Amino acid sequence: NPVGLDEFITQFAAGVPSAYSDTERLVPPNFPLMMHQPVYRLRQRAQAKTASMFQVGAGFFSANATPPYESWDDFRNVVRDGVTSLLSARSRQEHDLPFAITLRYIDAFNQRHTEGRTLAKFINEVLGITLTLPVGLTQHLMPDSEPKPTLQCQIPMSKGMVMSFSVGEGIVNSQSVILTDTSVSTALDVPSNIDAVMETLEFAHQSVSASFKAMTKPIHHLMAEKGE
């Protein structure tokens, strides 16, 4: 409820661990609020293994891990704390409203991971995705060059969920990298209780982790064990 959002965030902030005391309002007071967009951000003041923050808005909540991200084992409790506080702060009228859930991982591969491969070769040789372009496109290709693909796909899954995957060039810390963006989202409503939410997130994480491990197998020797 946008009207009671300020009161809601006060209750939400009171329920999360005291480390999340750095509160930032992303939308100025009295500005129109968009549904499903962050309005408040609660940053973590104290250092922890996995740096994290919460974002809350009208019909919106996210728990975000920021670099350095260690693993889901460390981040799981952060998410649980945030969802627990969210449920406690909900009004009586909204308490039983179901959730739509998305678990998203963005991974960056720098020169250490690519071993000099171009984007097209990385997609082919590492991720195992074979691309064949028609002559109608390749006839325009400049000599001694290759296409720079950006791919997106969706994979319908069991349990009423959908995996989305994309890969392309990106910039991290002013350096050119290859970015993969993998998410698992619910297509069906999730009941408004902590066990159902966490069970859904666990399934989503297992799915993303399995895909990531399988697709990056050729460069496992270049990667740290953690970061799942």
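The values are calculated or read from the model by the stated rules, or taken from the named source; none is laboratory data. All values derive from a computational prediction rather than experimental measurement. Note: ideal-geometry Cβ built from the backbone for every residue, glycine included; neighbour counts use all protein chains shown. To get the accessible areas, we keep the full protein, side chains included, count just its heavy atoms, and leave off ligands, DNA and RNA. Shrake-Rupley method; radii C 1.70, N 1.55, O 1.52, S 1.80 Å.
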Using alpha-carbon positions, what is the distance between the centroids of region 66-107 and region 150-167, in Å?
21 Å
Burial-style ranking of 168-174, 155-161, average other-beta-carbon count within 10 Å with highest first, yields 155-161, 168-174
In percent, what relative contact order does region 78-228 have, based on Cα pairs under 8 Å that are 6 or more apart in sequence?
33 percent
13 Å Cα-Cα reach of Lys121 towards aspartates and glutamates, excluding residues that sit fewer than 8 places from it in its own chain:
Glu146, Glu169
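Determine the equivalent ellipsoid of region 1-102 by diagonalising the alpha-carbon gyration tensor, then write out the semi-axes as square roots of 5 times the eigenvalues, largest first, rounded to whole Å.
23, 15, 12
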I'd like the accessible area for Thr84, computed on protein heavy atoms only with a 1.4 Å probe and all protein chains in place. Round to 10 Å², please.
60 Å²
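Solvent-accessible area per residue for region 1-112 at a 1.4 Å probe radius, Å²? Could you put the intermediate results ahead of the total?
Working: 6730 Å² over 112 residues.
Here the per-residue accessible area is 60 Å².
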For the chain, what is the mean residue ellipticity at 222 nm derived from helices alone (per DSSP H run of n ≥ 4: -39500 (n - 2.57); sum divided by total residues; nearest 500 deg cm²/dmol)?
-8000 deg cm²/dmol
Taking every other residue with Cβ under 13 Å from the Cβ of Pro218 and scoring Lys and Arg +1, Asp and Glu -1, one gets +2
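Run the numbers on region 5-134 and let me know its relative contact order in percent, using alpha-carbon pairs under 8 Å that are six or more apart.
That works out to 18 percent.
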In whole percent, the fraction of accessible protein surface over the chain that belongs to carbon or sulfur atoms, probe radius 1.4 Å, stands at 53 percent
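Can you work out the FRET efficiency for the pair Ile194 and Glu24, with r the C-beta to C-beta distance and R0 = 30 Å, to the nearest 0.05?
Taking R0 as 30 Å, the efficiency between Ile194 and Glu24 is 0.70.
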Once the in-chain neighbours fewer than 8 apart are removed, the aspartates and glutamates whose Cα is under 13 Å from Lys159 read Asp189, Glu199, Glu202
Taking the Cα-to-Cβ direction at Gln175 and at Gln111 and moving 7 Å from each Cα, how far apart do the two end points lie in nm?
0.8 nm
Under the Karplus relation with 6.51, -1.76 and 1.60 and θ = phi - 60°, whole-Hz ³J(HN,Hα) for region 4-19, x at Gly and Pro, equal x, 5, 5, 5, 5, 5, 5, 5, 4, 4, 5, x, 7, x, 4, 4
